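A short write-up of the structure that comes next.
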Amino acid sequence: MFVDSHCHLDRLDLEPYGGDVKAAVQAARQAGVDGILCVCIDLENFPSVLKLSELDNVWASVGIHPLEDKCREATADELFKLAQHEKVVAIGETGLDYFYAGDRKEEMQSRFVTHLDVAAQARLPVIIHTRDARADTLNLMKAHVCQESAGVLHCFTESWEMAKAAMDMNFYISLSGIVTFRNADALREVAKKVPLDRLLIETDSPYLAPVPHRGKSNEPKYVADVARYLAELKGVSVGELAQITTDNFYRLFNTASPTVV
Ligand SMILES: [Zn+2]
Ligand SMILES: [Zn+2]
C-alpha cells in the first residue's frame, strides 16, 4: 500500500475519468495507493482542497505556495484558524524558490517565516518547497521550525548536504517522479543515501509524471511507479519500501488517521 504524500488533486486532468475526481482517486486505490495528501497553494484554492479531503483517506494542507504572486496574503491568525479543521494535517506548501524568484526574495522569506511560525504554533508538520535557495531555506528553518512537529522537504532536488541538514532537524525527504528522469543522476545519488526511515514518496501531480508516463498528465496512481523505481535503486522489495514510506507518512502527519475502505 502506497501513500501519495503530495499532490494537487484539484488540478488533475480528469478527461480520462469523465471529469470525475472520485474515479481518479478510485483508480489510485486500485493501483494500491490508499492515502493521498492534497496540498493547498493559496487561499482561493483552499475550499476545493478541503472539499476533496472529504473523501476517505484524503487529507488537506493549508498554505500559500512561494511562487503565488497575485494572491491575497494570509495572516498568521487566518492560517492558524484554517489549520484547525480536522482534515488539515499540515501547513504548506511554503518555502523559497529562487529559480523563479526575480525580485520577490524578501517577500518569499517573510511569507515562509509566517508559515513556519504557524506550523510551530499549531504543532503541525510543514511542507517545504525549496529550489536554488539552500542557505536561506536552512537558516530560516533553523530559526523557526519546531523539531517536534517537523515537516518534509517535498519534491526534493537539492544536495545531500541539504538533505542531511534537514534530517538533522527531524525532517523527512520526499522524492517525486523526478528521480526516474534520465538526467537525474545527482538526485539518484542523494536518494541512495537517504535512510529509508526518513523517506516519503509523492507524485506532485498533475506535474512531473514519472517514467514510463512522461509527457502524460501525472496522477496519484503513478506514485506506485516512483516506489518501484526507488525500491530497485535502494535494493529493497517494493513491499518493504511501500510499508516503510507509508509508516513514515503517518508518523509525520500524525493527525491523519486512515480508515479501512
Ligand atoms: Zn512544490
Ligand atoms: Zn506541490
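Throughout, read-outs are computed from the coordinates displayed, never taken from laboratory work. In this text the structure is predicted, and so the values were computed from the model without any measurement. Every residue, glycine among them, receives a Cβ derived from its backbone with ideal geometry; neighbour counts consider all protein chains shown.
Anything in the stretch 30-46 that is assigned to a strand (DSSP E or B), β-branched (Val, Ile, Thr) and within 16 Å of ligand 2 (Cβ to nearest atom)? List them, or say none. Ile36, the sole residue that qualifies. Is it the case, given these coordinates, that Val145 is within 13 Å of ligand 1 (Cβ to nearest atom), hydrophobic (A, V, I, L, M, F, W, C) and within 14 Å of Thr94 (Cα to Cα)? Here the answer is no, as Val145 does not meet what is asked.
For the stretch 68-82, the tally of residues that are in contact with a helix residue (DSSP H, G or I) (Cβ under 6 Å, 6 or more places away or on another chain) and either assigned to a loop (DSSP other than H, G, I, E, B) or surrounded by 21 or more Cβ atoms within 10 Å (Cβ to Cβ) (or both) stands at 1. Beta carbons closer than 9 Å, at least 6 apart along the sequence or on distinct chains, pair a first residue in the stretch 5-31 that is surrounded by fewer than 15 Cβ atoms within 10 Å (Cβ to Cβ) with a second that is aliphatic (A, V, I, L, M) and outside any helix (DSSP H, G or I) for Asp20/Leu14; Lys22/Leu55; Ala23/Leu14.
Exactly one residue among His115, His85 is in contact with a strand residue (DSSP E or B) (Cβ under 6 Å, 6 or more places away or on another chain) and either buried (at least 24 other Cβ atoms within 10 Å of the Cβ) or over 21 Å from Leu200 (Cα atoms) (or both), and that residue is His115.
Residues checked against (1) within 16 Å of ligand 2 (Cβ to nearest atom); (2) more than 18 Å from the chain's Cα centre (by Cα); (3) touching a residue at least 60 places away in the same chain (Cβ under 8 Å); (4) farther than 17 Å from Ser61 by Cβ:
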position: Leu124; (1), (2), (3), (4): no, no, yes, no
position: His129; (1), (2), (3), (4): yes, no, yes, no
position: Ala135; (1), (2), (3), (4): no, yes, no, yes
position: Leu140; (1), (2), (3), (4): no, yes, no, yes
position: Gly151; (1), (2), (3), (4): yes, no, yes, no
position: His154; (1), (2), (3), (4): yes, no, yes, no
position: Thr157; (1), (2), (3), (4): yes, no, no, yes
position: Ala163; (1), (2), (3), (4): no, no, no, yes
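Go through the stretch 4-24 and give me each residue that's polar (S, T, N, Q) and either over 22 Å from Ala227 (Cβ atoms) or assigned to a helix (DSSP H, G or I) (or both). Selection gives nothing. Would you check which residues across the stretch 43-62 are touching a Lys or Arg at 6+ places or on another chain (Cβ under 9 Å) and buried (at least 17 other Cβ atoms within 10 Å of the Cβ) and list them? Within the stretch 43-62, Leu43, Asn45, Leu50, Ser53, Leu55, Asn57, Val58, Trp59, Ala60 qualify. Per the listing Ala101, Ala27, the residue uniquely in contact with a helix residue (DSSP H, G or I) (Cβ under 9 Å, 6 or more places away or on another chain) and assigned to a loop (DSSP other than H, G, I, E, B) is Ala101. Across the stretch 118-130, the qualifying residues are those that are buried (at least 19 other Cβ atoms within 10 Å of the Cβ) and not small (Gly, Ala, Ser), and the one among them that is nearest to ligand 1 (Cβ to nearest atom) is His129.
Just the residues that are of a type in the set (Asp, Glu) and under 23 Å from Val211 (Cβ atoms), please, taken from the stretch 127-183. Glu158 - this is the single residue of the stretch 127-183 that is of a type in the set (Asp, Glu) and under 23 Å from Val211 (Cβ atoms).
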